[in-house]
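> Below is a structure I'd like to ask you about.
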Amino acid sequence: MITSESMRTIALSALLLSSPLVAVPGGGLIADQTAGTRVTTDNQIHTITGGAARGANLLHSFREFNLETGETAAFQAVPETQQIISRVTGGNNSWINGKIEIKNSQADLYLVNPAGIIFGRDAELNVPGAFHVSTADYVVLADGQRVSADPEGVHLTVAAPEAFGFLDASVGEIRVEGSTLRVKSGQAIDLIGGTITLASGVNLEAAGGRIHLTAVASAGEVTQAGAYIKDKEPTRADISIHNSTLDTDNQGDSATTGRIRLQGNQIEINDGILSASNFSAYNSEGDAVILNADRQLVLNNSRIDLGVFGVGVGRGGNLVVRAAEVALTNNSKISTQAFGTGDGGSVEIDLTGTLYLSGGSEINTATEGSGSAGNILIGTRERRPAKIRLEGASRITSSSQSEKEDAGKAGQLNILAHKTIELHSGSVFNTAARNADGGSIQIKVRDWLRLRDSTITTSAACGCGGGGNIDIDPLFVLLENSKIQANAYGGKGGNIRLVADYLLLSGPSAMEASSAKSVSGEIIVQAVSVDGGSLQAVRGAEPLNVAQWLPVPCHARRGRAERLIITGYDAYPTPADDLLSAVSVRVLSAVSGGKNDTKKGLQ
């Protein structure tokens with residue numbers, strides 16, 4: 001007799017079994033007999049022997065591959081084996097809460113189950129080579145042959161595995177919960193499947209090696225290094241990283257530099273850390289640490305760190321972000337640093353939608369040694385964000401912190417946007433150097449650059465370094481209680497060049513290009529048209545004819561002009577949000593100045 005309680009139990013069991021990533025205890029580790037795999041168990045150790053061998057390849061085939069806490073799957077192989085391919089053919093997901101190890105061989109391990117794979121809190125690795133995990137339907141060999149996850153046939157050759165293939169959009173998920181999965185120095189961890197989730201304190205560690213996560217949502221083929229095979233590029237699924245760390249830091253025992261590559265539709269990182277720094281004393285060239293998101297990359301209270309900290313002259317790795325939308329919130333940070341003689345890596349962000357920083361978030365490159373800080377490049381001619389917005393004291397900066405004579409230079413900021421750039425509430429574009437030249441800032445945007453209670457600055461704090469130049473080219477520039485500064489202390493002030501149709505100022509806004517002990521820089525403003533008809537009428541006031549002043553640089557009109565001073569209003573100011581009625585425009589005049597003049601600037 002089937003009771004109501006029994007029906008509830010059956011319904012719950014059916015629900016658990018139908019979910020692709022629910023671990024159902026009791027599945028065990030069972031060979032499927034298609035490749036000669038044998039499993040013998042003694043005291044929770046499952047010794048795996050047999051299999052089908054072709055040259056340096058060894059294939060094992062399982063109907064179920066599951067490990068409870070305290071259990072070990074021990075693969076036995078001969079020293080000549082270089083790749084162990086383990087496929088799971090039974091149609092159920094694999095849950096792994098024990099240890100996976102390889103005996104008597106330095107082989108890489110491939111674990112392939114199209115139905116899905118879960119790693120629990122007690123999962124661990126003891127493998128000498130790389131660890132490749134995939135929910136692919138087949139493994140592509142270098143000679144074009146396939147090792148299918150379908151139990152029919154083996155199709156194994158001597159050619160090494162090089163890619164994973166997916167037959168349709170039904171791609172199994174990969175989930176890692178609370179595990180620490182670690183491979184040896186210089187090796188790789190690759191997770192290539194459907195939706196990928198890391199949660200509850202996951203640590204993926206590959207010192208001086210690589211970590212690749214590629215999430216797939218359609219038919220196609222992906223190499224184990226994360227690249228797509230031509231004409232078979234799949235669409236991507238989502239990647240979620242929560243309270244977890246991906247670490248490829250080189251701790252100094254080799255010349256390799258770690259790499260991290262994430263590819264997904266939406267990549268969301270909450271309370272996470274991605275780190276790929278070089279602490280080695282060897283000279284090594286950094287590699288690119290790539291994040292590809294078809295839709296969106298979101299960092300919330302998270303960090304991406306790249307650095308070169310050793311005494312060698314190697315260059316730090318570059319960070320490349322390609323996404324439709326990028327959002328950094330709640331003190332998130334993207335950073336590259338150089339502490340020794342090597343140059344820091346650059347940060348490149350290509351996207352087509354919005355770059356948004358809030359809550360004190362930051363994109364930063366820095367040097368504290370003799371190497372130069374990396375450049376920050378946002379947007380390209382072909383692929384630039386539509387909008388860039390910083391608020392809540394967020395920052396895009398490059399700095400040189402060393403005070404030594406051989407201090408490295410600050411990097412450059414090249415920021416391109418298709419429509420608008422806005423900085424609000426104490427936000428900053430900045431390059432700064434303590435004892436070197438400040439980096440330059442170039443800003444190009446089609447519609448407007450708007451600063452509200454924010455700054456764009458280049459500075460050289462001491463020594464003989466000069467302030468960096470600032471070049472701004474939009475249609476509108478709106479400064480609301482904001483500043484644009486290119487200052488220096490011992491060296492020459494930087495130059496400011498602003499080309500716009502409209503320069504609109506309100507509140508105590510200013511432009512300044514000064515030097516405390518040397519020659520100030522030039523401020524060249526070419527705002528070729530201010531529409532007097534849009535100004536609120538004031539009885540007895542004449543509209544300002546800016547055209548007669550601004551197309552010609554100050555120094556060409558009145559000798560050497562090193563400061564620009566606002567001497568009065570031509571109209572009453574209106575609210576900052578009202579762009580089309582009254583605008584507070586001030587009369588500009590050029591005044592020559594020399595060294596040690598402390599009042600230079602547009603005020």
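Values quoted throughout were computed directly from the atomic coordinates according to the rules given, and no laboratory measurement underlies them. Small disclaimer: the values here were computed from a predicted structure and weren't measured. Note: ideal-geometry Cβ built from the backbone for every residue, glycine included; neighbour counts use all protein chains shown.
> Listed here are the pairs K444/K517; K333/K387; K184/K409; which of them are more than 29 Å apart at the Cα? If you can, show how the numbers build up before the last one.
Working: K444/K517 31 Å; K333/K387 19 Å; K184/K409 36 Å.
Listed pairs above 29 Å: K444/K517; K184/K409.
> Among T135, T457, T72, which comes first, second and so on when ranked by fewest other beta-carbon atoms within 10 Å?
Fewest-to-most Cβ neighbours within 10 Å comes out as T72, T457, T135.
> Given bins 5 angstrom wide, list per bin the percent of all Cα-Cα distances in the range 321-373, short to long.
Going from the shortest bin to the longest, the percentages are 6, 20, 20, 20, 16, 12, 6, 1.
> Based on the alpha carbon coordinates of the range 397-528, what radius of gyration and maximum Cα-Cα distance (Dmax) apply, in Å?
Rg, Dmax (Cα atoms, Å): 14.2, 44.
> Give me the extension gain from D501 to H155: residue separation times 0.36 nm, minus the current Cα-Cα distance, reported in nm with one decimal.
117.8 nm
> In whole angstrom, and with the biggest value first, how far do the Cα coordinates of the range 53-127 range along each principal axis?
32, 24, 13
> What does the extension gain come out to for A169 and D271, with contour length at 0.36 nm per residue minus their alpha carbon separation? Let's see the in-between values first.
Working: separation 102, 0.36 × 102 = 36.72 nm, distance 3.01 nm.
Full extension from A169 to D271 adds 33.7 nm.
> Between E162 and D471, what length comes free when the chain is fully extended (0.36 nm per residue of separation minus the Cα-Cα distance, one decimal in nm)?
Details: separation 309, 0.36 × 309 = 111.24 nm, distance 4.71 nm.
Result: 106.5 nm gained on full extension.
> Now for a separate question. Against the empirical 2.2 N^0.38 Å scaling, what ratio does the C-alpha Rg of the range 28-83 come to? If you can, show how the numbers build up before the last one.
Working: Rg = 11.5 Å, N = 56, 2.2 N^0.38 = 10.2 Å.
Taking the Cα Rg and dividing by 2.2 N^0.38 Å, one obtains 1.13.
> If we count other beta carbons within 10 Å of each Cβ, what is the order of D249, D453, fewest first?
Values: D249 21, D453 16.
With the fewest neighbours first, D249, D453 line up as D453, D249.
> To continue, here is another question. Taking the beta-carbon count within 10 Å as an exposure proxy, list V222, V140, V289, V320 from fewest neighbours to most.
Working: V222 28, V140 22, V289 31, V320 18.
Taking fewest neighbouring Cβ atoms as first place, the list is V320, V140, V222, V289.
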